[in-house]
Amino acid sequence: MDIIITENLTKTFDGFTAVDHVKFSVKEGEIFGFLGPNGAGKTTTIKMLTTLLYPTEGSASIAGFDILKQRAMVRENIGVVFQEPALDTELTGRENLDFHARMYGLPQDKRKKRISEVLTLVDLLDKKDVLVKNYSGGMKRRLEIARGLMHSPRVLFLDEPTLGLDAQTRRAIWEYIKQLNKDENTTIFLTTHYMDEADFLCNHIGIIDHGKILVMDTVNTLKKSVGNDVITLSCSNNDTLQKRLENETWISNITPHGTFITLGAERGEEKIPVIFDIARSINVSISSVDVRKPTLDDVFLHYTGHRIREQTTEASGGRVRMPPAFQRRRRP
Amino acid sequence: MNQKDFQAIYMLWLRQMKRFLRSKSRVVTTIVQPLFFLFILGFGFNLAVFPGLQGSYINFLAPGIIAMAILFSSMFTGVSVLWDKQSGFLQEVLVAPVSRLSIVIGRTIGGATIALFQGLIIMVIAIALGVPIAGFQGLVLTIIIMILLSFTAVGFGLIIASKMRDFEGFQSIISLILMPLLFLSSMFYPVNESLPGWLQILSFCNPLFYMIDGIRGSFTGVNYVFDPLVNLGIILVLCIVIMGLGTYFFNKSEA
């Protein structure tokens, strides 16, 4: 059963289209990831799905309820962890959770139990009576995630759940998201610009850029679509080499990216000498070469034509998988 | 409205109480500022002669000060939605499965409780300063008007908050809207035939006039223009209209 269905969902702000006729569906019980750079329209989509923004056009349904006509029922069935902090800093951590629990109608005994459960999970139990204004950024984030989990919703929206967290906490949160998805069969809709996060967590991902969904499939299918191995080349004359290589049948998806070319191939390591021979035959010298299994990075590059825009946030570990020679030549 | 909505109203009320009591500076300012008015203006103008004024000036001024304290405090509650908007907390409230109406009610009752508390403190101080009370019934009527005034002001604050993006414009709203309303409210001087005609008309167009006149009539029993019950009727209508508009604008605003 599809628990989230959108139909041409569109949001325009003063002539600028943030989300452009987006159409997708998410099956019940899966972890679905929206992958895209900042400003791609991820948060706007979440805000429309969680009834915080009215769509300019189109509509969507969550758990069978229309986001325009049955707003109260939609809210009943969802939980949200916002990207930007949404805590009352004048209250303590425990009070914030208690506020949330009561707003969602949790009975008293369950409230107490759940509060200590989620606080233990995010390792804030000993800070529960400290005012949130005295929390660090990471602690606030953890408290928010704890709050999103409080009422065990059917669909949990996570907008950049691990933005600004250290590697250790990210891992813990990932594990918990997986566990929550398995144990309580909570459908999870998350947005991220971290490739490793999407890779680790999601069954299905949709790549979104400039308000449009470019492709949507399982992580494995997407990786395969790029090729079994990805070869990255940089040479004295990219255009000439590319034209020559396009004739080779064993190459799939040859794409220029300014200073470098990527191509997909079976058993890439055996193809490198072949490529060198071809290059020499047309007087092109190769300055750098790299072969590896495709990552979501390659998938993203393949479908959007650019890398995910540079982020200045921490905890990007494992995202960058390009050889050093290529990193410097990344397109803006 | 179901049980969950009442739970939400209680929670929003409780949140306001906690925030108010934890913000010591706010507790102090909101009580001290009206007292400055009461003492300095009250004693400063004590010997001044106003046509039609019965009794001492401080007796005349005290009901206005009570109303002013409630007005400022409640309007602040309404406008503080902006704070929640900027801090992101409003999203947390709006995405919860409770009706928008209960969110407005929770905030209003919370704001009214704080405002009433402040109004009552000023009232006690005024009585201690020798302002005469009209009687028990008058006191009950005064408190009813105080509550309605507070609801109206929260609603007014909600309307302003829905039209503002940040606090930049807040200062100009105080000087362009609130100050003229206060000056025309008969708070500082009696409104009667001795005033120029246009000033009288402006006063009668001012919603705050009826609130202060009503409090004065019910609380002290002198110097009022309309019967307190007439004032009450006008205030009730005003309150319903403004609260309705406030709820409407709050509903329409997107987080």
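Does anyone have the angle between helix B:136-163 and the longest principal axis of chain B? Alpha-carbon axes, 0 to 90°, nearest 10?
Result, in degrees: 50.
Which lysines, on any chain, are close to A:K182 with Cα under 16 Å apart, when same-chain ones fewer than 8 places away are left out?
A:K27
Just tell me how shielded A:147-153 is by partners: mean number of partner chain Cβ atoms within 10 Å of each residue's Cβ, no decimals.
Neighbouring Cβ atoms belonging to other protein chains average 1 per residue here.
PRE reach from A:E269 (point 7 Å along Cα→Cβ): which of the range A:219-234 fall under 15 Å by backbone N?
A:229-231
Send over the semi-axes of chain A's equivalent ellipsoid, whole angstrom and largest first, taken as the square roots of 5 times the C-alpha gyration tensor eigenvalues. Before the final figure, lay out the partial values.
Values: eigenvalues 362, 96, 55 Å².
The equivalent ellipsoid of chain A has semi-axes of 43, 22, 17 Å.
Quick one: 3J(HN,Hα) in Hz for the range A:15-25, Karplus 6.51/-1.76/1.60 with θ = phi - 60°, rounded, Gly and Pro as x.
x, 9, 8, 7, 10, 10, 6, 7, 9, 7, 9
Stretch A:D166-A:R280 to full length: gain in nm at 0.36 nm per residue minus the Cα-Cα span?
Full extension of this stretch gives 36.4 nm more.
Under 20 °C and 1.002 mPa s, how fast does the range B:3-252 diffuse according to Stokes-Einstein, given a Kirkwood radius computed over C-alpha pairs? Answer in µm²/s, whole number.
Working: Rh = 18.6 Å.
The estimated diffusion coefficient comes to 115 µm²/s.
Just add up the charged neighbours of A:T169: K/R +1, D/E -1, any other residue whose Cβ is under 10 Å from the Cβ of A:T169.
Once all neighbours under 10 Å are counted, the net charge is +2.
Measure nothing but the geometry: give the 0 to 90° angle between the long axis through the Cα atoms of A:268-281 and the longest principal axis through the Cα atoms of chain A, rounded to 10°.
40 degrees
Could you give the semi-axes, largest first, of the ellipsoid that matches the range A:198-293, computed as the square roots of 5 times the alpha carbon gyration tensor eigenvalues and rounded to whole Å?
Equivalent ellipsoid of the range A:198-293: 28, 15, 11 Å, largest first.
What distance in nm separates the two pseudo spin-label positions at A:D239 and A:E117, each 7 Å out from Cα along the beta-carbon direction?
Going by the 7 Å Cα→Cβ label model, 6.3 nm.
How tilted is helix B:228-252 with respect to the longest principal axis of chain B? Cα atoms for both, answer in degrees (0 to 90, nearest 10).
Helix B:228-252 and the main axis of chain B meet at about 30 degrees.
Within 10 Å of each Cβ in peptide A:66-77, how many partner chain Cβ atoms are there on average? Round it to a whole number, please.
Values: counts 0, 0, 0, 0, 0, 3, 4, 1, 2, 6, 4, 1.
Mean partner shielding for this stretch: 2.
For the pair B:V124/B:F204, report the inter-label distance in nm, with labels modelled 7 Å from Cα in the Cβ direction.
Label at B:V124, label at B:F204, 4.0 nm between them.
Given a 10 angstrom Cα cut-off, can you work out which residue in B:L71, B:L232, B:L14 is the most mobile in a GNM of chain B?
Of B:L71, B:L232, B:L14, the Gaussian network model singles out B:L14 as fluctuating most.
Using +1 at the C-beta of Lys and Arg and -1 at the C-beta of Asp and Glu, which of B:V124, A:F200, B:F37 has the Cα lying farthest in the positive direction of the dipole of the protein assembly as shown?
It is B:V124.
Along the positive direction of the dipole of the protein assembly as shown (beta-carbon charges: Lys, Arg +1; Asp, Glu -1; about the Cα centre), which of A:V118, A:I231, B:N251 reaches farthest?
Value: A:V118.
With a 10 Å radius around each residue's Cβ, average the other Cβ atoms per peptide and rank A:150-163, A:55-68, A:95-108, highest first.
A:150-163, A:95-108, A:55-68
Taking R0 as 41 Å, what's the FRET efficiency between A:D66 and B:M17 from their Cβ-Cβ distance, rounded to 0.05?
0.65
At 37 °C and 0.692 mPa s, grab the translational diffusion coefficient of the protein assembly as shown from Stokes-Einstein with a Kirkwood Rh over Cα pairs, rounded to a whole number in µm² per second.
118 µm²/s
Here is the link list: A:K223/A:K293; A:K113/B:K85; A:K133/B:K85; A:K42/A:K212; A:K178/B:K4. Which ones come out longer than 20 Å on Cα distance?
A:K113/B:K85; A:K178/B:K4
I need the calculated FRET efficiency for the pair B:L101 and B:D227, taking r as the beta carbon distance and R₀ as 30 Å, to the nearest 0.05.
E(calc), rounded to 0.05, equals 0.35.
How big is the charge dipole of the range B:3-252 about its Cα centre, in debye rounded to the nearest 20, if each Lys and Arg gets +1 on its Cβ and each Asp and Glu gets -1 on its Cβ?
820 debye
Just so you know, all these numbers are worked out from the coordinates, no wet-lab data involved. These numbers were taken from a predicted model, which means no experiment stands behind them. Please note: Cβ atoms are built from the backbone with ideal geometry, for glycine as well, and neighbour counts cover all protein chains shown.
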